[in-house]
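Notes for the one structure printed next.
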Amino acid sequence: MNNLSISAYIRITIAFSAVVYIMESFIDTKDKSFAFQENLLYALFLIVLLVVLIAIETVWKAIKLLKSLSPEGHFDNTPITLKSLLQTLTKSKPIEAEDQLMLDHDYDGIKELDNALPPWWVWLFYICIFFAVGYMVRFQVFNDYTQLDELDKENQIAALHIEEYKKNNADLIDAESAVFQSDEKTLSEGKEIFTTNCAACHRADGGGGIGPNLTDDNWILGGGMKNIFNTITEGGRPGKGMVAWKGTLTSFEIQAVASYVMSLHGSTPAEAKAAEGDLWQETEQQ
Ligand code: HEC
């Protein structure tokens, strides 16, 4: 056992402890126990790291031994410099040593060089290894965001864009193109609009107050999605109190609240107002 292997033990121990320490301080564990006890991947990573550290030391030692052997088989004690190490890592030869690379083949005077892979290629390879380790630590050990998180994020951004679009195109829907929206999101949005703007006159349950009952089969201004949309947009008969909402609500909001009104049909509010208007035939509804 020479000096090198003793200092290697120290080096490996220090590097290993440093990584363990850094990771421990990053990973949040519930009861302050060591993270690798809770996280199998973390434990696996540490084992791999240890193997890699030992491998690096072994290769380092081998390089040093090889370097110290002169071609004649004698030890020469040229120290390992960064340059010589880099050259060993990429197996590159300086241009002056080109003749050593020549293959024996001689095809009518045409000779061939036995070049190692170009250093830029080899470096790319090493960088890939580093990247892979970083990637693994980030996504497998620290469980950073997943593809599903990414999807959620993009969906949120898309939803913002849709909102923005609706705002900029407030009049996109008219009575003809309005369609009953049965999805929960739209209905709850409609309910909110109704509670804020309409409940004062139609009551929160739609049973009617100043305005008529919106849950029965009778309609003054016509039932069905198109008529309801139209009434909310343009208002009721003059002087009756039902204003036009087109200036206040966007057409999307009107479609939502009209859908909500539609969804109230058939519910039986307590103290519902007596039916007004004509009986609206289901079949006429779209
Ligand atoms: C200031 C009171 C008032 C408010 C606020 C109000 N309405 Fe009305 N609403 C009325 C009156 C009054 C009528 C009857 C209009 C008529 O007879 O022409 C009516 C009629 C309607 C009708 C047609 C009913 C039918 O029988 O044809 C619908 C649908 C309606 N309102 C929905 C809404 C919605 C949705 C809102 C909220 C965005 C709203 N109203 C806000 C008073 C109101």
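The values are calculated or read from the model by the stated rules, or taken from the named source; none is laboratory data. Keep in mind that what you see is a predicted model, and the values were worked out from it rather than measured. Cβ coordinates were reconstructed from backbone atoms using ideal geometry, including for glycine residues, and neighbour counts include every protein chain displayed. Ligands, DNA and RNA are stripped out before the accessible areas are found, and what is left, the full protein with its side chains, is counted by its heavy atoms. Shrake-Rupley method; radii C 1.70, N 1.55, O 1.52, S 1.80 Å.
Of the residues making up the stretch 249-286, just one is over 14 Å from Asp174 (Cβ atoms), open to solvent by less than 50 Å² (accessible area, probe 1.4 Å) and free of Cβ contacts under 8 Å to residues at least 60 places away in the same chain, namely Leu264.
In the same structural domain as Glu271 (by TED's automatic domain parsing), part of a loop (DSSP other than H, G, I, E, B) and more than 13 Å from the ligand (Cβ to nearest atom): is that true of Asp205 in this structure?
yes
Applying the criterion of being in contact with a helix residue (DSSP H, G or I) (Cβ under 6 Å, 6 or more places away or on another chain) and of a type in the set (Phe, Trp, Tyr) to the residues of the stretch 210-268, the residue that is nearest to Asn197 (Cα to Cα) is Trp245. Only one of the listed residues (Leu172, Leu148, Leu124) is touching a helix residue (DSSP H, G or I) at 6+ places or on another chain (Cβ under 6 Å), modelled with pLDDT under 95 and hydrophobic (A, V, I, L, M, F, W, C). That residue is Leu172. Selection of the stretch 215-243 for residues being surrounded by 22 or more Cβ atoms within 10 Å (Cβ to Cβ) and within 6 Å of the ligand (Cβ to nearest atom) yields Ile228, Thr231, Ile232. Among residues of the stretch 118-171 being touching a Ser or Thr at 6+ places or on another chain (Cβ under 7 Å) and not in a helix (DSSP H, G or I), the one that is farthest from Leu44 (Cα to Cα) is Asp171. Sub-8 Å Cβ pairs linking a first residue in the stretch 220-248 that is of a type in the set (Asp, Glu) to a second residue that is more than 10 Å from the ligand (Cβ to nearest atom) and open to solvent by 60 Å² or more (accessible area, probe 1.4 Å), at least 6 apart or interchain, are Glu234/Lys246, ordered by first then second residue. Restricting the stretch 87-114 to residues that are closer than 24 Å to Lys64 by Cα and touching a residue at least 12 places away in the same chain (Cβ under 8 Å) leaves a set whose member that is least open to solvent (accessible area, probe 1.4 Å) is Thr90.
When the stretch 102-124 is filtered for residues that are among the aliphatic types (A, V, I, L, M) and closer than 30 Å to Leu85 by Cβ, the ones remaining, listed by number, are Met102, Leu103, Leu113, Ala116, Leu117, Val122, Leu124.
Among all residues of the stretch 247-270, there is none that is assigned to a loop (DSSP other than H, G, I, E, B), touching a Pro at 6+ places or on another chain (Cβ under 9 Å) and either at pLDDT 95 or above or near the ligand (Cβ under 8 Å from one of its atoms) (or both).
Considering only residues that are near the ligand (Cβ under 8 Å from one of its atoms) and of a type in the set (A, V, I, L, M, F, W, C), which ones fall in the stretch 171-198? Within the stretch 171-198, Ile193, Phe194, Cys198 qualify.
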